[in-house]
Amino acid sequence: MRQSSPAQQAIVAATFSLLAFGGCVAAFLPPLVDRTTASMPLTVMLGIALAVSFVLHLAFIGIAAQRLGRSVVAWVVLAFLFFPIASIVGLVLFEWFSDEQRQQSLGQTAR
């Protein structure tokens, strides 16, 4: 079993928070919107979950950027301004950067 690096842990957490956000948004789309808006507590709960998952996603993007040695502010601002497309592209790039770092560290330890 492969050990996950701290950067990969942040990438996975950012991915799951993005999926949670998507699940909450789906509750407000047809055909579920009638059922969601019929219950005020459910609507409020999903709204809070939307906000929390969005903030967590941005936080985990920042953590992943920091652990990969990238500009935290730039990545978080990009993820915020061009959400969700930039977040998806960013997660793919972070995984790529993480793989490069892992290969470099394996190459250095083999020497």
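Every number here is computed from the coordinates shown, using simple stated rules; none is lab data. On a predicted model such as this, the values are computed, not experimentally measured, just so you know. Heads up, the Cβs are rebuilt from the backbone with ideal geometry, glycines too, and the neighbour counts pull from every protein chain shown.
Quick notes on this structure:
- Computed lengthening from Ala49 to Leu81, 0.36 nm per intervening residue step minus Cα-Cα distance: 9.5 nm
- Mean sequence separation of contacting Cα pairs (under 8 Å, at least six apart), scaled by the length of the stretch 6-110, corresponds to a relative contact order of 32 percent.
- Annotation: Cα Rg of the chain relative to the compact-globule expectation 2.2 N^0.38 Å equals 1.30.
- Selected from Leu78, Leu91, Leu58 as most flexible by GNM, with the chain as the system and alpha-carbon contacts under 10 Å: Leu78
- Within the chain, the selection of entire DSSP H helices by a Cα span of 20 Å or greater along the long axis and an average Kyte-Doolittle value of at least -1.0 returns 6-26, 40-67, 85-110.
- Extreme residue, positive dipole direction of the chain, given options Ile61, Gly107, Ile88 (C-beta unit charges): Gly107
- Where chymotrypsin sites (Phe, Trp or Tyr not before Pro) fall in DSSP loop in the stretch 33-111, at most 15 other Cβ within 10 Å: Phe82
- Which of Glu95, Glu100 has the fewest Cβ neighbours within 10 Å, and the rest in rising order: Glu100, Glu95
- For the chain, the 222 nm mean residue ellipticity estimated from helices alone, with every DSSP H stretch of n ≥ 4 adding -39500 (n - 2.57) and the total spread over all residues, rounds to -28000 deg cm²/dmol.
- Distance from the C-alpha centroid of the stretch 69-100 to that of the stretch 39-67: 17 Å, rounded to the whole angstrom.
- The residues Ser98, Ser105, when put in order of fewest to most other Cβ atoms within 10 Å, stand as Ser105, Ser98.
- Choice from Leu50, Leu81, Leu29 showing the highest fluctuation, given a GNM over the chain with Cα pairs closer than 10 Å: Leu29
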